[in-house]
Amino acid sequence: MAEKIQMRTPLVEMDGDEMTRVIWKEIKEILIEPYVDLKTEYYDLGLKHRDETNDQVTVDASEATKKYGVAVKCATITPNADRVKEYNLKEMWKSPNGTIRAILDGTVFRTPILVKGITPLVPGWKKPIIIARHAYGDVYRGVEMQVPAGAKAELVVTNADGSETRTLIHDFKSPGIIQGQHNLDKSIENFAKSCFQYALDVKRDLWFSTKDTISKKYDHRFKDIFNELYDSTYKEKFEEAGIKYFYTLIDDAVARVVRSNGGFIWACKNYDGDVMSDMVATAFGSLAMMTSVLVSPDGVYEYEAAHGTVQRHYYKYLRGESTSTNSMATLFAWTGALKKRGELDGLQDLSAFAEKLEKASIQTIEEGVMTGDLAAISTLPNIQKVDTETFLREVDKRLQAL
């Protein structure tokens with residue numbers, strides 16, 4: 001075998017949970033380590049280890065990402081009450097992705113992987129729709145309380161001089177719930193900059209949507225910052241590039257997106273982007289066919305799959321049953337990180353290897369070899385449905401032939 005491709009700077013590697021953790025290991029062993037002298041700074045973000053470290057490992061991994069500039073992350077569990085019992089956790093830890101995004105303060109760009117034979121569920125979609133998701137604040141940094149009957153809830157802001165501004169939220173005659181959330185002008189501005197710059201880089205129209213007719217201060221602030229930045233900095237650049245920016249209400253945006261033929265960037269607030277990226281990915285074929293990269297305003301990149309840990313398949317795997325889990329999004333997280341590492345370090349052979357691996361992966365599917373989720377919707381003749389590991393080995397065969 002040829003000499004392995006050398007790396008200069010390590011990737012930050014964040015391991016994860018359940019079936020994606022199994023796939024993670026197989027991707028490295030079958031498709032990367034035989035070809036690349038892989039250098040990583042490893043962090044175990046599996047739920048058990050997060051619990052053991054009181055989630056400090058997530059913070060440490062985020063800081064390492066800022067240091068080295070490129071990270072690759074496996075899917076992780078965000079525990080609910082059932083998971084707390086299942087894993088005997090000390091507490092219901094927050095979303096690792098939420099923690100990482102808060103520390104890096106970036107924007108998540110999610111793009112479907114298009115292959116022949118997989119027709120979008122929305123027939124008019126001919127080109128990819130890129131979701132740009134704000135990665136800080138809102139419900140992901142929210143605080144919540146259960147409220148007893150007879151309580152009164154107020155929003156109180158204490159100014160620097162000690163004066164207070166108060167607004168009644170609700171006078172609870174019966175029990176209820178309350179949630180407080182926030183965002184920062186600087187983070188919204190960074191989000192807007194990332195979206196405008198990415199649109200210029202890929203020469204795609206940029207759409208942005210919120211619900212400012214209802215949220216006349218919170219959502220309206222997003223709209224104002226985007227508009228101000230566009231008018232002051234990006235309008236002429238967009239006109240020169242022949243692309244457009246426009247704002248619309250999110251319900252109108254949903255209708256426009258469904259009627260469109262794709263080929264644009266749709267910028268969304270944090271929760272909206274979470275939901276809409278899953279909708280777009282599923283409509284294009286599969287949640288496992290969606291790339292995801294977090295880009296911080298200072299040029300730090302964190303690549304991950306846009307889906308969860310595939311819990312149901314993991315339980316089958318534990319029972320010794322065969323699984324046919326789609327590894328494409330996790331594989332493309334690795335190739336994205338390797339490409340970026342090669343680009344930043346001037347290692348053309350590393351970036352070229354990652355490109356070849358992506359090409360081999362797509363070729364495998366387009367030649368009819370695929371996992372169960374795609375086999376169920378593919379229009380290709382002579383489909384061969386394979387298990388999780390076999391798919392990766394079929395990719396390897398084509399990689400060696402390129």
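The values are calculated or read from the model by the stated rules, or taken from the named source; none is laboratory data. Everything numeric here is computed off the predicted structure, so don't read it as measured data. With ideal geometry, Cβ positions are generated from the backbone for all residues, glycine too; neighbour counts draw on all protein chains shown.
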For this session: Search the range 16-65 for residues being more than 20 Å from the chain's Cα centre (by Cα) and polar (S, T, N, Q), and hand back the single one that is nearest to LYS4 (Cα to Cα).
Result: THR40
Exercise. Quick check: anything in the range 318-328 part of a helix (DSSP H, G or I), within 24 Å of the chain's Cα centre (by Cα), within 30 Å of GLU41 (Cα to Cα) and at pLDDT 95 or above?
Worked result: yes
For this session: Could you list, in sequence order, all residues of the range 1-35 that are aliphatic (A, V, I, L, M) and under 18 Å from TYR301 (Cβ atoms)?
Result: MET7, LEU11, VAL12, MET14, ILE32
Exercise. Could you list, in sequence order, the residues of the range 358-402 that are at pLDDT below 95 and of a type in the set (D, E, K, R)?
Worked result: ASP373
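Quick check on the range 287-294. Is at least one of its residues of a type in the set (S, T, N, Q) and at pLDDT 95 or above?
No; the residues of the range 287-294 include none that is of a type in the set (S, T, N, Q) and at pLDDT 95 or above.
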For this session: May I ask you to list pairs of residues, at least six apart or on different chains, whose Cβ atoms are under 7 Å apart, with the first in the range 64-93 being over 21 Å from GLN311 (Cα atoms) and the second being basic (Lys, Arg) and buried (at least 16 other Cβ atoms within 10 Å of the Cβ)?
Result: VAL70/LYS340; VAL70/ARG341
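Each row is one residue, and each column tells you yes or no for (1) at pLDDT 95 or above; (2) aromatic (Phe, Trp, Tyr).
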residue: ASP44; (1), (2): yes, no
residue: ASN54; (1), (2): yes, no
residue: ALA64; (1), (2): yes, no
residue: ASP82; (1), (2): no, no
residue: TYR87; (1), (2): no, yes
Problem set entry | Residues located in the range 109-144, provided they are touching a Cys at 6+ places or on another chain (Cβ under 6 Å) and among the aliphatic types (A, V, I, L, M) | ALA132
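Return yes when VAL139 is in contact with a helix residue (DSSP H, G or I) (Cβ under 9 Å, 6 or more places away or on another chain) and closer than 30 Å to GLU366 by Cβ and no when it is not.
No: the conditions fail for VAL139.
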For this session: Kindly provide the set of residues from the range 157-215 that are of a type in the set (A, V, I, L, M, F, W, C), outside any strand (DSSP E or B) and farther than 26 Å from VAL300 by Cα, ordered by number.
Result: ALA160, PHE172, ILE214
Seminar exercise, completed: Here the residues within the range 374-402 that are within 19 Å of GLU358 (Cβ to Cβ) and among the charged types (D, E, K, R) are ARG393, GLU394, ASP396, LYS397, ARG398
